[in-house]
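This report refers to the structure that appears directly beneath it.
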Amino acid sequence: MLSICSKEEFEDCVKTTRLNKKRYVVVKFGAEWCGPCQNIAPAFARLAKQYKKYAQFVNVDIEEAMDNDWTEVGAVKRIPHFQFIAVTTHDKTDHCSTSDEHELENKLKSLLHILE
């Protein structure tokens, strides 16, 4: 799992993920001070291991990202927030704001099932 804090690092991640034949980049937007973000972190790490052949999982600290002028991060209204990016089209396929690991896993399973 990667930790990134700039748009350039994100673009590099998408390119590398595409080269590695994975379908998605799953981005978790959070903050160090956010309790729900810390609570979901172990589940996010477990999902990253479980679905590593399908997706690259990435952590983004919103404060660091804002410091690096990654303006899209400003659109995140609630954390933890997850985005699912299809690497072939570079489009945000889906998103959710949740600290419930079952909701997150169900969203991920549903998304992967669409393309399997």
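Going by a ≥ b ≥ c, the root eigenvalues of the Cα gyration tensor, does the stretch 2-115 fall in the rounded group (a/c under 1.5), the prolate group (a/b larger than b/c) or the oblate group?
Since a/c reaches 1.5 but b/c is at least a/b, the shape of the stretch 2-115 is classed as oblate.
Remind me, relative contact order of the stretch 2-115 in percent, using alpha carbon pairs under 8 angstrom and six or more residues apart?
33
How would you rank Ser97, Ser3, going from fewest to most other Cβ atoms within 10 Å of each one's own Cβ?
Ordered from fewest to most neighbouring Cβ atoms within 10 Å, Ser97, Ser3 come out as Ser3, Ser97.
Name every cysteine in the chain that ends up alone, with no second cysteine's Cβ under 4.7 Å, or say none.
Here Cys5, Cys13, Cys96 come out as lacking a disulfide-compatible partner, given the Cβ-Cβ threshold of under 4.7 Å.
Each value in this text was obtained by applying a stated rule to the coordinates, not by laboratory testing. Note that the coordinates shown come from a computational prediction; the quantities given were computed from them, not determined experimentally. Ideal geometry is used to build each Cβ from the backbone, glycine not excepted, and the neighbour counts take in all protein chains shown.
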